[in-house]
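Just so it is clear, none of the values below were taken in a lab; they were calculated from the coordinates. Predicted model, so just to flag it, every value in this text is computed and none were measured. Counting neighbours? That spans all protein chains shown, and the Cβs are built from the backbone with ideal geometry, glycine included.
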Amino acid sequence: MAKAQGNISVAIEWLNKYLEIFMADHDAWRELADIYLSLQMYKQAAFCYEELLLSHPTVPLYHLTYADVLYTLGGLENLQTAKKYYASTIDLTGGKNTRALLGICLCTSAIARLSKGRSKEDKESPELQSLAAKVLEKEYKQRAADKLGLLTSALRSLKI
Amino acid sequence: MVAELKYEISQNAYIKLVLHALKHKTTAVNGILLGRVNPQNDSVVEIADSVPLFHSNLALLPSVEIALIMIEEHYGSKGLGIVGYFHANERFDDAELGIVAKNIGDHICRYFPQAAIFLLDNKKLEALPMGKDQSPVMQLYIRDASKNWKLAGPDGGSRLVIKEPAANAVLSDYISSEKWQDVVDFDDHLDDIKKDWLNPELFK
């Protein structure tokens, strides 16, 4: 209600108070996360999703959004964790979640950019990215052929 | 000194964005504006088309990045670039330009310095069916010399016009026929890639 009235800081306060008691209310966690995101308080939003993942580890949406938040936060560690969560989303959704597949490609490319010049110990599986790319291309070919060209050049621009 | 620019938006680009906002009344939405500087008059930015982007998680980067790559690729081949950003707030009475909008606007300015932000004016939108107002139901924000986003005033300076004067009448018609249901955004595409964010059939 406070949110609907535009009183965002009050809304945050109330939600936090509420969640101290009703920790299992996942709608409330999501609501709070949404508010944090709109204020670009990504760390706090990530925390909300961590709580959600603890209580609902098999909901792919939480894995996906958590990965998105981590990617947005940036930094090598967050990107590597994000990649793991995109991968778990793909696992949980049977391999065809477009957002998660694209997330893998974005992460791999961002990680490569950040680790340029660093030691090769971070040499991750480039196979994951090419696998994701292949699935995406196959999906687009079958269901959105007119966009396949755009997808291919997008993937190309991500492969450094 | 910031040049005084005239932003001329095409009817289709304009209507697409407003319909998108109406389709998702309970959330914030955003979109990208495509166009170019008028080759005969560089104080005019022509907005030829628009792509509705998201109605959820507007503040998250991955989808925005992918969308921008694909949009630039598609429109680049037609000689058009990203010239602006559209945003509609979640709440009816929120007429403030939020952080997310400013950040995306700043990002676009890096590639097109005359980029502008267009914020949906809910009050004007509501008044639409009742009046004969031909001015757009959007507020124009321009970046000033200190890189702050300022509302373009009616007292001169930059302004936004719709290319086709009858656009609001057409828009009102579409609103009554609930045409917004046909609008596809990038969010919809990512959920089901069969859905086309170019909306090729929308105005046929």
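For B:Val137, A:Val135, B:Val18, the sequence from fewest to most other C-beta atoms within 10 Å is A:Val135, B:Val137, B:Val18.
Of B:Pro62, B:Pro113, B:Pro165, which is the most mobile in a GNM of chain B whose springs link Cα atoms less than 10 angstrom apart? Sorting by GNM fluctuation, first place goes to B:Pro62. Using only alpha carbon pairs under 8 Å that are at least six residues apart, calculate the relative contact order of the stretch B:103-180 and give it in whole percent. Relative contact order of the stretch B:103-180: 25 percent. Within the straight-line cut-off of under 12 Å between alpha carbons, the aspartates and glutamates reachable from B:Lys124 are B:Asp93, B:Asp133, sequence neighbours fewer than 8 places apart in one chain being disregarded. Between A:Ser9 and A:Arg30, the contour length at 0.36 nm per residue exceeds the Cα-Cα span by 5.9 nm. Could you list, in their original order, any pairs among B:Lys16/B:Lys195; A:Lys147/B:Lys194; A:Lys96/A:Lys116 whose Cα atoms are separated by more than 19 Å? Over 19 Å Cα-Cα: A:Lys96/A:Lys116.
Using the Cβ-Cβ distance between A:Gln40 and B:Lys132 with R0 = 45 Å, the FRET efficiency computed as 1/(1 + (r/R0)^6) comes to roughly 0.65. Computed over the stretch A:1-56, the alpha-carbon pair-distance distribution with 5 angstrom bins reads 5, 21, 32, 26, 12, 3, 0, each value a whole percent.
Inter-label distance, B:Lys204 to A:Glu137: 3.0 nm, where each label sits 7 Å from its Cα along the C-beta direction. Residues A:Cys105, A:Cys48, arranged from fewest to most other Cβ atoms within 10 angstrom of their Cβ, appear as A:Cys105, A:Cys48. Per-residue mean of foreign Cβ neighbours for A:148-156 is 4 (Cβ atoms of other chains, 10 Å radius).
Relative contact order, whole percent, for chain B stands at 25, derived from Cα pairs under 8 Å and 6 or more residues apart.
May I ask you to list the aspartates and glutamates whose Cα is less than 19 Å away from that of A:Lys141, ignoring any residue fewer than eight positions away on the same chain? Output for A:Lys141: B:Glu73, B:Asp188, B:Asp191, B:Asp192, B:Asp196. Taking 14 Å as the straight-line reach from the Cα of B:Lys102, the aspartates and glutamates in range (excluding those fewer than 8 positions away in the same chain) are B:Asp144.
Per-residue ellipticity at 222 nm, computed for chain A from helices alone with -39500 (n - 2.57) per DSSP H run of at least four residues, works out to -24000 deg cm²/dmol. Note on B:Tyr111 and B:Glu178: with the Förster distance fixed at 35 Å, the Cβ-Cβ geometry gives a FRET efficiency of about 0.45.
Across the protein assembly as shown, Cα-Cα pairs more than 34 Å apart make up 30 percent of the total.
Exposure proxy ranking for B:Ser63, B:Ser158, based on other Cβ atoms within 10 angstrom of each Cβ and starting from the fewest, stands as B:Ser158, B:Ser63.
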